[in-house]
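Note sheet for the following structure.
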Amino acid sequence: MSRERDDLVERCLRGDAAAFRTVVERHGRAVQGTLVRILGPRRDLEDLVQQVFLELARSLPRFRGDASLGTFVVAIAANVARRTLERGPRPSYALDTEALSAGDDPEARADARQLLVRMFLLLDRLTPAKRVAFVLHAVEGRDIREVATMVGANEPTVRARVTAARRELESLLGRSS
């Protein structure tokens, strides 16, 4: 852990609100991105982001610096996402068609929206544990060791979850083509 990060964490632990705001500013986009990639675009996304940072405030005393602060924060986001998935019915996805990168073409935006909805509906078929491991590894590009640390599982378990998720998705895609 860098000296700057170490000082920042120490200031947060002493109750320095400005230091905590700095953490939120530095890691807010990563948290939001991880939540969207795991859960899909949701109307309650801002509430979930706030929940992640509330949990960070409670968990910060346990942060040892073995991984980066960013990894620690994203691990909390992944766990919030997993618990959200385990809680039950998934809401309809709140896709902002204006934010899609299809430009001004309404037909292209509609196609992009349909593709995203289909992708998240396929991810909905996975168990929460498989979905989180798959997204962190295959979508965010994190290595198996980092994912294992983030989700609190051993590497063979995470590798098995990612492999099973990939096979399930390939099977589902094969059936829906």
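Below are the figures for this structure:
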read-out: Cross-chain or 6+ apart pairs with Cβ under 6 Å, the range 72-85 first and touching a residue at least 40 places away in the same chain (Cβ under 8 Å) and more than 10 Å from H27 (Cβ to Cβ), then polar (S, T, N, Q) and in a helix (DSSP H, G or I); value: V80/Q51
read-out: Odd one out for R109 among (1) of a type in the set (D, E, K, R); (2) at pLDDT 95 or above; (3) crowded, with 16+ Cβ neighbours inside 10 Å; value: (2)
read-out: Among (1) modelled with pLDDT of 95 or more; (2) in contact with a helix residue (DSSP H, G or I) (Cβ under 9 Å, 6 or more places away or on another chain); (3) of a type outside the set (D, E); (4) more than 29 Å from L121 (Cβ to Cβ) - the single one L54 does not satisfy; value: (2)
read-out: Single residue of L122, L85, L95 found to be modelled with pLDDT under 85 and either in a loop (DSSP other than H, G, I, E, B) or within 30 Å of A148 (Cβ to Cβ) (or both); value: L95
read-out: Qualifying residue in the range 164-177 (condition: under 20 Å from F72 (Cα atoms), modelled with pLDDT of 95 or more and not hydrophobic (A, V, I, L, M, F, W, C)); value: no
read-out: Every residue from the range 125-139 that is part of a helix (DSSP H, G or I) and either more than 12 Å from A81 (Cα to Cα) or not hydrophobic (A, V, I, L, M, F, W, C) (or both); value: P128, K130, R131, F134, H137, A138, V139
read-out: Residues of the range 140-177 classified as of a type in the set (G, A, S), surrounded by 12 or more Cβ atoms within 10 Å (Cβ to Cβ) and not in a helix (DSSP H, G or I), total; value: 1
read-out: L54, sole failed condition from (1) over 15 Å from the mean Cα position of the chain (by Cα); (2) surrounded by 14 or more Cβ atoms within 10 Å (Cβ to Cβ); value: (2)
read-out: Among (1) at pLDDT below 95; (2) touching a helix residue (DSSP H, G or I) at 6+ places or on another chain (Cβ under 8 Å); (3) under 29 Å from R145 (Cα atoms) - the single one R62 does not satisfy; value: (2)
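The values are calculated or read from the model by the stated rules, or taken from the named source; none is laboratory data. Note that the structure is a prediction, hence the values are computed from the model and not measured. Using ideal geometry, Cβ is built from the backbone for each residue, glycine included, and neighbour counts are taken over all protein chains shown.
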